[in-house]
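First up is the structure itself, then whatever we jot down about it.
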Amino acid sequence: RRSRLRVSDCFATYLISQNHIKEGAVLTKYVIRGGKPLYGEIDISGAKNAAVAIIPATLLVQGCCRIENVPDISDVHILLDILKQMGASVCQRSHDTVEIDCTNVGDMEPDPTLVRSIRASYYLIGAQLGRFGRSRVALPGGCNFAPRPIDQHVKGFLALGAEVEETDAYVDARAREEGLQGGRVNLDVVSVGATINIIIASVLVPGQTVIENAAKEPHIVDLANFLNTMGAKISGAGTDVIKIRGVKALRGGAYSIIPDQIEAGTYMAAVAAVGGNVLIKNVIPKHMDCISAKLREMGARVIEYDDAIRVQKVRRLRRATVKTMPYPGFPTDMQGQIGVCMTLAEGVSRITESIYETRFFAYCEELRSMGAKIQVSGKTAAITGWEELHGATVKAHDLRAGAALVIAGLAAQGETFVENIHYIERGYENLIGKLTALGAHIQRVED
Ligand code: EPU
């Protein structure tokens with residue numbers, strides 16, 4: 001099976017426009033020879049979902065923002081390209097440090113092709129609205145494993161006194177004549193994106209904005225810490241009530257992004273599924289509590305240090321029950337990875353997905369082709385553990401589903417070909433290098 005590029009895929013269009021791949025090219029894929037336990041140490045990169053919020057938020061700052069621990073992933077490259085195209089000065093100081101100065105950026109529309117190729121480009125709406133009082137941004141793209149509405153983002157902008165028009169292709173937001181004013185918004189669903197977008201939009205708005213029923217993910221705290229470092233007045237991030245007192249201006253400064261909770265969790269699940277003993281460094285163990293607890297419950301040994309976690313497989317995994325929840329619950333972005341652990345555990349495990357119901361479809365069929373026994377019924381998947389998986393040719397349908405298939409390939413007997421890897425490279429820095437350092441047999445090949 002060869003996967004040809006679909007030109008309708010905006011991300012592929014972007015890759016072609018940047019000469020990363022040729023039109024009609026056969027996409028690269030990962031070839032994995034499974035069954036080899038993982039041993040050694042790896043470093044976790046900066047958090048993708050913090051970086052993709054902080055980079056658009058630099059639009060609010062007068063002066064240069066030096067951002068450290070930036071992950072080297074395609075979602076970040078695309079956001080930096082968008083800012084450059086809007087007139088920002090972007091200087092890559094080292095592989096994980098970038099300096100961004102948006103002082104001279106005007107209120108132009110960000111390139112719609114780039115915007116449509118990722119999800120987090122919707123933060124440009126909040127950033128432009130907050131800085132210029134108006135914004136016109138194409139609707140975002142990204143991993144489409146489920147309907148991903150933005151009505152709660154819009155609810156927040158309206159609470160600040162904006163007028164918002166949403167068509168099939170664009171969001172137009174602008175302040176009314178009297179200008180934006182701090183407001184109170186109670187989110188109908190706990191939304192990471194809406195919480196972040198409302199924080200970004202309100203930082204420079206006069207008065208106080210209050211977000212109730214806010215999301216509490218670590219990257220929300222990280223965004224607030226970044227903005228506060230630049231002079232914002234945000235309190236309560238990490239709780240469900242966040243207060244933002246508007247300031248007149250933000251100034252430049254330096255900030256280091258937190259480690260990626262989901263990247264760390266992915267490697268933890270990989271060791272639990274495949275076997276071995278790995279020290280995962282540059283993590284915040286507190287952010288991993290829910291994942292660590294679940295893996296321990298399944299029989300893996302998980303040892304926490306100040307800024308590292310060791311995971312060791314000491315027995316066949318036991319069955320478990322997982323329900324995905326907003327932070328501090330079990331992350332939906334770890335659903336597929338823990339699902340792979342369950343395909344190899346004793347007994348029947350269950351996952352209930354409470355955030356994106358259709359997320360199972362992104363990887364369950366592919367895992368079945370590798371021998372997994374999974375039955376999906378509505379929001380729940382019942383996974384009957386089997387002694388082993390076998391290699392197959394599978395397709396990544398989104399970032400985390402792709403990560404799950406890589407873990408399955410590492411655990412399986414024989415060769416696995418993972419196609420559509422551009423999804424995986426949206427969010428995992430140097431996946432091949434890190435896994436190879438742990439002794440995995442994985443290569444990135446072009447047909
Ligand atoms: N929702 C609404 N209306 C909105 C916004 C969200 O109904 O206006 C619903 C969604 O449909 C979903 C729930 O609220 O059922 C939560 O969605 P949320 O807004 O929290 O998701 P998101 O901000 O679009 C971020 C991450 C996702 C991650 C989710 C949940 C980024 C760029 N993306 O998405 O990460 O799955 O939070 O934690 O931060 C990934 O990294 O692979 C990824 C998909």
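A few notes on this one:
- Calculated FRET value between GLN413 and ARG93, using beta carbons and R₀ = 41 Å, to 0.05: 0.40
- Measuring between their Cα centroids, region 274-321 and region 366-392 lie 22 Å from each other.
- Relative packing of 359-368, 100-109, which averages over residues the other C-beta atoms within 10 Å, highest first: 359-368, 100-109
- Each Cα pair under 8 Å and six or more residues apart adds its sequence gap; the mean of these over the residue count of region 284-354 is a relative contact order of 29 percent.
- Charge dipole magnitude, Cβ of K and R +1, D and E -1 - the chain, Cα centre, debye nearest 20: 880
- Added length on full extension, which subtracts the Cα-Cα distance from 0.36 nm per residue, ALA437 to GLN312: 43.4 nm
- Crossing angle, helix 261-274 versus the chain [Cα axis fit, 0-90 degrees, rounded to tens]: 0
- Inter-label distance, GLU346 to ASN186: 4.9 nm, where each label sits 7 Å from its Cα along the C-beta direction.
- Separation in nanometres of the label points that stand 7 Å from Cα toward Cβ, at ARG148 and LYS84: 2.3
- Cα gyration tensor category, rounded, prolate or oblate, for region 398-447 with a/c compared to 1.5: rounded
- Near-label residues of region 32-60 by backbone N, under 16 Å of a point 7 Å along Cα→Cβ of LEU279: 39-44
- Charge tally in the Cβ shell below 9 Å around ALA345, where Lys, Arg are +1 and Asp, Glu are -1, ALA345 excluded: +2
- Added length on full extension, which subtracts the Cα-Cα distance from 0.36 nm per residue, THR358 to GLU166: 66.7 nm
- Our summary of shape: the Cα atoms of region 26-143 have principal axis extents of 55, 30, 21 Å, ordered from largest down, in whole angstrom.
- The mean sequence separation of alpha-carbon pairs under 8 Å and at least six residues apart, normalised by the residue count of region 33-80, gives a relative contact order of 49 percent.
- Computed helical MRE - 222 nm, the chain, DSSP H runs ≥ 4 contributing -39500 (n - 2.57), nearest 500: -8500 deg cm²/dmol
- The mean sequence distance of close C-alpha pairs (under 8 Å, at least 6 residues apart), as a share of the length of the chain, puts its relative contact order at 20 percent.
- Accessible area per residue for region 27-181, computed on protein heavy atoms with a 1.4 Å probe, is 37 Å².
- Annotation: aspartates and glutamates with alpha-carbon distance below 14 angstrom to LYS48 (same-chain offsets under eight excluded): GLU68, ASP72, ASP75, ASP96, GLU217, ASP222, ASP260, GLU263, ASP333, GLU425, GLU429.
- Measuring between alpha carbons in the structure, the pairs from LYS84/LYS243; LYS36/LYS373; LYS281/LYS395 lying more than 28 angstrom apart are LYS84/LYS243; LYS281/LYS395.
- With Cα atoms as the point set, the chain shows a radius of gyration and Dmax of 21.5, 66 Å.
The values are calculated or read from the model by the stated rules, or taken from the named source; none is laboratory data. From a predicted model like this one, the values you see are computed outputs, not experimental measurements. Ideal geometry is used to build each Cβ from the backbone, glycine not excepted, and the neighbour counts take in all protein chains shown. In case anyone asks, the SASA skips ligands and DNA or RNA and just uses the protein heavy atoms, side chains included. Shrake-Rupley method; radii C 1.70, N 1.55, O 1.52, S 1.80 Å.
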